[in-house]
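**Q** This is the structure I want to talk about, given as structure tokens.
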Amino acid sequence: MSEAPASAAQPTKKSMDAIMALCKRRGFIYQASEIYGGINGFWDYGPLGAQLKKNLRDAWWQDMILNPCWGRKGPNGSRVRCVPLETCIIQHPKVWEASGHVGGFNDPMVDCKESKGRYRYDHVQVFVPETGDAGDKPVFAYVGDQPSEAKQRKKAEKLFGVIKSVALSSIPQPWARVIGPDAEKPGTLTEPRMFNLMFDTIPGAIRDEANKAYLRPETAQGVFVNFKNVVDTTRVKLPFGIGNTGRSFRNEVTPRNFTFRSREFEQAELEFFCHPDESVEWYKFWRDFRMDWWKAIGLAGENLILREHDKDELSHYSQGTSDVEYRFPFTAPGFGELEGIAHRGNYDLTQHENTSRTKLKYFDAERGELLPNGSRKGEWYIPHCIEPAAGLDRGALALICEGYTRDESRPSPEFLKLHPRVAPIKAAVFPLVAKDGMPEVGEKLYDELFAKFGNRGFIEFDEKQSIGKRYARMDEAGCPFCFTIDGDTLTNQTVTVRDRDSGQQERIGIDKVSGFLGEKLG
Ligand code: GAP
């Protein structure tokens, strides 16, 4: 998580407890296996959450695969071309050796012998006196956003007065004086050791370590190992992208912050292949487009930033990485990563070519020396890859956090300002009262909207309870528009449209409703 730029305005912090309560109450997100007490790091999506995530996935698919970059031209002056792929969660174990995940996908962790808690070594902080030395006094460890931070801070302040926070690694080992985040006694934290984040499993009947395979920690490698298949079996020509969405698994040491750091999550990744000479231009192109995309689906405010990694943050093979980051309530005033856009060079294809001994070089017939007959000699090379890698769970969470609004002046103060494109409920039709012919007119309108927009999300019909309660229910679910049939509808064929965000109503002809909604949904 990164710090806020000094200039960034910092609006009032939203309550994560309130957001999580709304997610549960309205069927967006549930704890997985809740009736058994839940399972740490796993979340299920309820009816509205599942549709929200599908809308987000569909928007990504539409704007990255079917009509990449909204038809914008790339740095080569042509339309961007992409194709989809769907690959397995379990691949040959050598895939993960070649990619570097078996050897290097590790987090350093420390265990607490007393509380049995496990913490990322690089996330553990310790409170020490602001000036001078703690001597032989205990120092209190905490992990940034865990509830024990406030508790530990109080204890440290009692002991030292003015305190500051430092990394655990700056405390001389063996930390005999450190009291772990959930412990009472000092000296219970173990030495850090590397912990591989991949889940493993044994396919087949013989439960032998030699048959060990892994659940993918990223969808990207499925694309790299199919690069040759796609080139050989389709008519793609460089530059082009291969995109996919799907579940990935990481045995995170400390899953937390609702769905932000989960052990099972969904990614939407594009691997865009191009000539090495054009790769930096493509990297900049994708970085900028991805920022524009997140803005266009509802994160246009000051909570979204693009952060270019410093040179010392880059992987050894990377020539550039930027993160699209969102200021979640639990990271504020800092930001958390939504998507990484990485220039991966030719690292992955080279690794797979060397490990599999399969030629993954690409023959580019449009490059190389100009021949007397006017054609080109062609050039063999391993393409470079630009990778915009988004997380759909973090995306859905950012949309919910951004949309969550409290306005005490409204009869029902909580509502969810979701962009109409991703909102799970697109519209609601309400007969003001369940009599006088209003339900019949409403049902007709409902049928019309359902036929036209029912493939994009839910259309609701509700004639029970007061109209205020029905509006409030739709507001919390993030439904952008409610159409109400009232007495006037029966005489002049107009309905009211209520706008979720302003609460304002206007009248439009019942025959204009479909066009109105179509325009708003985009
Ligand atoms: N192929 C590159 C790659 O996987 P990453 O930055 O590790 O890059 C991409 O992951 C995105 O996947 C992140 O920006 C984030 O949105 C999402 N992601 C990663 N780990 C996650 C986790 N434990 N829980 C939820 N989302 C996660």
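The values are calculated or read from the model by the stated rules, or taken from the named source; none is laboratory data. Predicted model, so just to flag it, every value in this text is computed and none were measured. Neighbour counts run over all protein chains shown; Cβ positions are idealised from the backbone, glycine included. These area figures cover heavy atoms from the full protein model, side chains too; ligands, DNA and RNA do not enter into them. Shrake-Rupley method; radii C 1.70, N 1.55, O 1.52, S 1.80 Å.
**Q** With the Cα gyration tensor of region 288-344 in hand, convert its eigenvalues to equivalent ellipsoid semi-axes via √(5λ) and list them largest first in whole Å. All intermediate terms of the calculation are to be shown ahead of the outcome.
**A** On the way: eigenvalues 94, 40, 10 Å².
They are 22, 14, 7 Å, listed from largest to smallest.
**Q** What order do you get for 33-43, 337-347, 408-418 when each peptide is scored by the mean count of other beta carbon atoms within 10 Å, highest first?
**A** Details: 33-43: 12.9, 337-347: 22.3, 408-418: 15.7.
Output ranking for 33-43, 337-347, 408-418: 337-347, 408-418, 33-43.
**Q** Using the per-residue mean of other Cβ atoms lying within 10 Å as a proxy for protection, in what order, highest first, do the peptides 52-61, 87-96 fall? Please list the in-between numbers first.
**A** Working: 52-61: 20.7, 87-96: 15.9.
Ranked by mean Cβ neighbours within 10 Å, highest first: 52-61, 87-96.
**Q** Let me know the charge dipole size of region 346-475 about its Cα centre in debye, to the nearest 20, where only the beta-carbon of Lys, Arg (+1) and Asp, Glu (-1) is charged. Could the numbers behind the result be given before it?
**A** On the way: 20 positive and 21 negative charges, 38 e Å.
In total the dipole reaches around 180 debye.
**Q** Convert 4 °C to kelvin, take the viscosity as 1.567 mPa s, use the Kirkwood radius over C-alpha pairs of the chain as Rh, and evaluate the Stokes-Einstein diffusion coefficient in µm²/s, rounded to a whole number. Walk me through the numbers before you get to the answer.
**A** Working: Rh = 26.2 Å.
Estimated diffusion coefficient is 49 µm²/s.
**Q** In nm, to one decimal, how far is the modelled label at Asn373 from the one at Phe199, with both set 7 Å along Cα→Cβ?
**A** It works out to 5.5 nm between the two label points.
**Q** Can you give me the Cα centroid spacing of region 137-214 and region 481-508 in angstrom?
**A** Between the Cα centre of region 137-214 and that of region 481-508, the gap is 57 Å.
**Q** Taking amide hydrogens as modeled 1.01 Å from N in the peptide plane, which residues meet the under 5 Å criterion relative to Phe461, leaving out close sequence neighbours?
**A** Hits under the 5 Å cutoff: Val429.
**Q** Now for a separate question. Amide H of Val139 versus every other amide H placed in the peptide plane: which residues, excluding those fewer than 5 positions away on the same chain, fall under 5 Å?
**A** Amide H neighbours of Val139: Val178, Ile179.
**Q** Moving to a separate point now. Hey, what do the phi angles of region 111-124 turn into as Karplus ³J(HN,Hα) couplings, whole Hz, using 6.51/-1.76/1.60 and θ = phi - 60°, x for Gly and Pro?
**A** Once θ is set to phi - 60°, the couplings for region 111-124 become 9, 10, 5, 7, 8, 6, x, 10, 9, 5, 3, 6, 9, 7 Hz.
**Q** Please compute the per residue accessible area over the chain with all protein chains in place, 1.4 Å probe, rounded to a whole number of Å².
**A** Each residue of the chain exposes 47 Å² on average to a 1.4 Å probe.
**Q** Cross-link candidates for Lys94: which lysines have Cα within less than 19 Å, leaving aside residues fewer than 8 places away along the same chain?
**A** In chain and number order, the partners are Lys212, Lys228, Lys359.
**Q** Let me ask something additional. Counting each DSSP H run of 4 or more residues in the chain as -39500 (n - 2.57), what helix-only mean residue ellipticity at 222 nm follows after dividing by all residues, to the nearest 500 deg cm²/dmol?
**A** So the calculated ellipticity at 222 nm is -8000 deg cm²/dmol.
**Q** Something else about it: Run the accessible area of the chain with a 1.4 Å probe and give the carbon-and-sulfur part as a rounded percent.
**A** Working: 12260 of 24370 Å².
Answer for the chain: carbon and sulfur cover 50 percent of the accessible area.
**Q** When you have a sec, figure out the Kirkwood radius of region 134-182 from all distinct Cα pair distances and drop it here in Å to one decimal? Each step should come with its number before you reach the end.
**A** Numbers: mean 1/r = 0.0899 Å⁻¹.
Across region 134-182, the inverse of the average 1/r is 11.1 Å.
**Q** For a quick check of your reading of the filter: which chymotrypsin sites (Phe, Trp or Tyr not before Pro) in region 171-210 sit in a DSSP loop and have no more than 13 other Cβ atoms within 10 Å? Intermediate results must be reported in sequence, preceding the final value.
**A** On the way: sites: Trp175, Phe195, Phe199; in loops: Trp175, Phe199.
For chymotrypsin sites (Phe, Trp or Tyr not before Pro) across region 171-210 that sit outside H, G, I, E and B with at most 13 neighbouring Cβ atoms in 10 Å, the list is empty.
**Q** On the principal axes of its Cα set, how long, how wide and how thick is region 107-195? Give whole Å, largest value first.
**A** For region 107-195, the Cα spread along each principal axis is 36, 25, 20 Å.
**Q** Let me ask something additional. Which GluC sites (Glu not before Pro) in region 267-326 sit in a loop by DSSP (not H, G, I, E or B) and have at most 15 other Cβ atoms within 10 Å of their own Cβ?
**A** On the way: sites: Glu269, Glu271, Glu278, Glu281, Glu302, Glu308, Glu313, Glu325; in loops: Glu302.
Loop-located and lightly packed - Glu302.
**Q** From the P(r) of region 196-304, could you give the percentage of C-alpha pairs in the tail past 19 Å? Show your work: numbers first, answer last.
**A** Details: 3814 of 5886 pairs.
Roughly 65 percent, once rounded to a whole number.
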